[in-house]
Amino acid sequence: GSVVLTDDVVNIRNFEIGYLINSPHTYTIDEAIQAEFTPAPNRLSLPSNQLDIWVRFSVRNASDSVIACNIHNSISYFNRVMDFYETRNGVILDQKHIDLFAWTGDTKLLHGTDSVLPIHLNPGEEKTYYFHFVSPAYQYFEYLILDDQHTLAELSTKNIFPVLLVGMLIALACFNFLLFFSARYKEYLYYSLYLVSSIIWFVFEYGILSHYFGIYGMRGHLTSYGLLSATIFLSLFVKKVLQTAKFYPLQNLALNSTIVLLVLNLLWGVVNFFNALDISVYFFIYAIAVYFWVSISLMRQGNTLVKYLLAAQLFFIFFALFGILFYEGYLPYNWWTRYSIAIGVTVEAFILAYLLSHRIKLLKVDLETDSLTGAFNRRTLFDQFMQESKRISALESLVFVIFDIDQFKLYNDTYGHPKGDDILKIIIHHLQSQFPESSVFRLGGEEFALLFTAENAAAAQRKVSDIRLAIEHLSLAFPESRHGVVTASFGASVIESGRIQNFNELYQQTDARLYQAKHNGRNCVVM
Ligand SMILES: Nc1nc2c(ncn2[C@@H]2O[C@H](COP(=O)(O)OP(=O)(O)OP(=O)(O)O)[C@@H](O)[C@H]2O)c(=O)[nH]1
């Protein structure tokens, strides 16, 4: 069948074509005119070993006036060479040739991503068009038949979706580069370079470079390196963010192996670019397998960050699978299949961005707590004191306590520093679990503070005594000390509601009471 034009408004987007694989036999145009073509829709993807093909379709003017319109090949920018033949009854009327790599021939037919071939049909006339094209990497194409007005609209609204994705990724890359610039955490740098690499691949793959910058041929295809470097930077990012070099030597080794293989693949690209691109698929699959294994093994070890990495990978694989099957010709050409890898990369990028922002939260916890005991650190004391003193009701008092482990120097000297560390951990964990309503702060060394509310001074007194006893009743053996077990001395102050004190004065007063408690013989409370 042929495409039938009945009107001078032409906007034909779905029709049947025929295609012919130009390998192993290379058809001349005369042979192609005689050959059998396989029917197919006007949008088609073919397996990646079918790079040299002929496409044919006929157009008939069924109206009674002359029709002028244009045949678009929308994915022209991706090709190496293209030939067009206009024929009528097996006779060649016109022919054009474009070599995109050498940049010779009728290059003026290229308008951004599309090649636009103007055609004229007299009333009742039928012409058959033959298109021969060779792609260096994948074979997918789309033909449209449009009048001038629709051609203009098609060319001016093209590529909006990939431009939108690229815009988002550029913003994300800039933001993360700024984070690196100010915080000097390398993971932000790797993440932004991973984004930049993905962007470099995007811009030619989805026609942006050709459409906006007139870039075709080898210069454009070189952007495929972006896919390789994106994976290298992703491995570096994963290494850094999970700190594998420090904590997980085996996983670190596996991630290093992906980097080495991809760098070798990149170098092979200098020798044989398109072959390097072909084999890179295997390295991507290997890298993805490594990310999976690293994610799952770290998750088993209780790493909380890694689930985001796993989610990012799962989303990426889901979308990339569509893309790969499309590029290999197993899935039809449609919006989803064409853009699925781009969507996959973007979704992955956003999940990784979430991972980074979630980690900021974890870093904040790190910043506020003492790593040995898990108590809040001194930095947070003033803020929490101000917060609590604003929060307490008229019926409550705020209690501020400083306590210090007794004769701790002797304990360290007798049992060693590591055993001393254990004592600090045991005491603080015990207090945190027995008195969850009070906040524990490590002021430094073996000196700690407590902040809690109490109904009145008497209740406060009872509670501080309970805490002192709780430590004593842990019965941590210390026969060299006065009480035979580890004990602590306490200085405490009660702030009645509405009588907010200067914090420094409060601190000094409480510290003096602690000193008094030490003086009174230790293992006691001075309020
Ligand atoms: N194991 C361990 N020891 C620490 C830590 N920080 C400080 N110390 C030790 O705590 C001891 C504090 O000693 P001092 O300030 O002389 O007081 P003390 O021996 O506890 O005597 P009193 O406070 O008078 O009961 C020193 O020996 C420090 O080395 C720590 O993080 N771990």
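The values are calculated or read from the model by the stated rules, or taken from the named source; none is laboratory data. Quick caveat: nothing in here was measured; it's all calculated off a predicted structure. Here the Cβ is made from the backbone with ideal geometry for all residues, glycine too, and neighbour counts use every protein chain on show.
Among the residues making up the range 398-419, those that are surrounded by fewer than 20 Cβ atoms within 10 Å (Cβ to Cβ) and in contact with a helix residue (DSSP H, G or I) (Cβ under 8 Å, 6 or more places away or on another chain) are PHE408, ASN412, LYS419.
Applying the set (1) at pLDDT 90 or above; (2) under 23 Å from the mean Cα position of the chain (by Cα); (3) surrounded by 20 or more Cβ atoms within 10 Å (Cβ to Cβ) to LEU309 leaves exactly one unmet item: (1).
For the range 370-384, the tally of residues that are farther than 11 Å from PHE441 by Cα and either touching a residue at least 12 places away in the same chain (Cβ under 8 Å) or of a type in the set (Phe, Trp, Tyr) (or both) stands at 1.
Of the numbered criteria (1) buried (at least 20 other Cβ atoms within 10 Å of the Cβ); (2) away from the ligand (no atom under 16 Å from the Cβ); (3) not hydrophobic (A, V, I, L, M, F, W, C), the one THR373 fails is (2). From the set of residues in the range 47-63 that are modelled with pLDDT of 95 or more and part of a loop (DSSP other than H, G, I, E, B), which is farthest from LYS127 (Cα to Cα)? It comes out as SER63. Of all residue pairs spaced 6 or more apart or on separate chains, those with beta-carbon atoms under 9 Å, a first member in the range 424-439 that is over 22 Å from ASP383 (Cα atoms) and in a helix (DSSP H, G or I) and a second member that is among the charged types (D, E, K, R) and within 16 Å of the ligand (Cβ to nearest atom) are LEU424/ARG442; LEU424/GLU446.
State whether the residues of the range 395-416 include one that is in contact (Cβ under 8 Å) with a residue 40 or more places away in the chain, more than 16 Å from the ligand (Cβ to nearest atom) and either part of a helix (DSSP H, G or I) or on the phi > 0 side of the Ramachandran plot (or both). Break it down stepwise before answering.
Pass one, the range 395-416, residues in contact (Cβ under 8 Å) with a residue 40 or more places away in the chain: 395-407, 410-411, 414.
Now restrict to residues that are more than 16 Å from the ligand (Cβ to nearest atom): 395-400.
The next check asks that each one be either part of a helix (DSSP H, G or I) or on the phi > 0 side of the Ramachandran plot (or both); those that pass are none.
No; the residues of the range 395-416 include none that is in contact (Cβ under 8 Å) with a residue 40 or more places away in the chain, more than 16 Å from the ligand (Cβ to nearest atom) and either part of a helix (DSSP H, G or I) or on the phi > 0 side of the Ramachandran plot (or both).
As a summary of the residue check, SER340 satisfies the conditions (1) more than 12 Å from the ligand (Cβ to nearest atom); (2) out of contact with any helix residue (DSSP H, G or I) (no Cβ under 8 Å at 6 or more places or on another chain) except for the one numbered (2). Among the criteria (1) in a loop (DSSP other than H, G, I, E, B); (2) within 23 Å of THR113 (Cα to Cα), the one LEU44 does not fulfil is (1).
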